[in-house]
Amino acid sequence: MINIVLVDDDYLIHEQFTSILSDQRLDLFLNGSNFLETLDQTTYDLIFLDIYLPDMTGMALGRRIRQSPNNSFCPIVYLSQHTDAALKLFATQPVDFLIKPVSAERIRHIVDSVRFGTLGRSIEIKQGRRMIRIMQRDIIYMESIQRLLMIHTRQQSFRTYHKMTDFDLSYPIVRIHQSFQVNLDYAAQVTKHQIYLFDQTVLPISRRYQEDIRQLLVRLAKQVVV
């Protein structure tokens, strides 16, 4: 069971989500202002936002979420009846953009992806005498420092003697440098030479990977507006 919030002024959408996600913890809000009153007191695992709310835009609310100490890295899924706003949302780095009406299957797929990690993927590392399991969706970025590998997650950072190539990770985690892999779900901005994360971390994109990242972003933009 995970913590989910839906911010949408449509009562029918509320009823649909309540029915589909009856096995999850679901908070419902009709506007952004009421949601903001509880945002910093609650930690969510998944946030669904309507693009057009009565008191603010979903994009403005998304920017506020990215400043929340408890939810700055929380996956955001936008809902709308129109596709024209999709490309403008990159600054708040949503994990998906759903066109209304949304099917129950699509909602469950997104929720299950969050529950079990991206395609259920995880890695295991040794910490002392224990083996620690880390879900791929929780990894923000990985940094190779000489013989050590630092794995920075939503919860904490881990130090291990693994190599990056020891783990079979998939998109949205991508290689951007000989020493860095990053989860694009946590990127606030991507330029030719750098990736800016929501926690103000700045990571370099080496010349070797610049074209790969550019082509990936172009493909993603095309998929969003289809």
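In segment 136-159, which residue that is touching a helix residue (DSSP H, G or I) at 6+ places or on another chain (Cβ under 8 Å) and basic (K, R) is farthest from V182 (Cα to Cα)? The qualifying residue farthest from V182 (Cα to Cα) is R154. Scanning segment 68-89 finds no residues that are part of a helix (DSSP H, G or I) and modelled with pLDDT of 90 or more. Within this structure, V190 fails the test of being in contact (Cβ under 8 Å) with a residue 40 or more places away in the chain and either closer than 29 Å to I65 by Cβ or over 20 Å from the mean Cα position of the chain (by Cα) (or both).
If the condition is being surrounded by fewer than 18 Cβ atoms within 10 Å (Cβ to Cβ) and within 19 Å of L98 (Cα to Cα), then segment 41-53 contributes only Y52. Taking the conditions (1) under 22 Å from Q81 (Cβ atoms); (2) at pLDDT 95 or above in turn, L36 satisfies each one other than (1).
Listed by first and then second residue, the pairs with beta-carbon distance under 7 Å, at least 6 apart or on different chains, first residue in segment 61-82 and polar (S, T, N, Q), second part of a helix (DSSP H, G or I) and crowded, with 20+ Cβ neighbours inside 10 Å, are S68/L39; N71/L39; N71/I65. Only one of S179, S113, S122 is under 27 Å from Q210 (Cα atoms) and at pLDDT below 85. Can you tell me which? Going through S179, S113, S122 in turn, the sole match is S122. Within the option set M131, M150, M142, being of a type in the set (A, V, I, L, M) and touching a Ser or Thr at 6+ places or on another chain (Cβ under 8 Å) holds for one residue only, M150.
Of all residues in segment 169-202, those being surrounded by fewer than 14 Cβ atoms within 10 Å (Cβ to Cβ) and touching a strand residue (DSSP E or B) at 6+ places or on another chain (Cβ under 6 Å) number 3. Take the conditions more than 19 Å from C74 (Cα to Cα) and either outside the structural domain of Q81 (by TED's automatic domain parsing) or surrounded by fewer than 20 Cβ atoms within 10 Å (Cβ to Cβ) (or both) and apply them to M142. Does it pass? In short, no. If you go through segment 193-214 and pick out every residue that is touching a residue at least 60 places away in the same chain (Cβ under 8 Å) and assigned to a strand (DSSP E or B), you end up with 1.
The values are calculated or read from the model by the stated rules, or taken from the named source; none is laboratory data. These numbers were taken from a predicted model, which means no experiment stands behind them. Cβ: placed from backbone, ideal geometry, glycine included. Neighbour counts: every protein chain shown.
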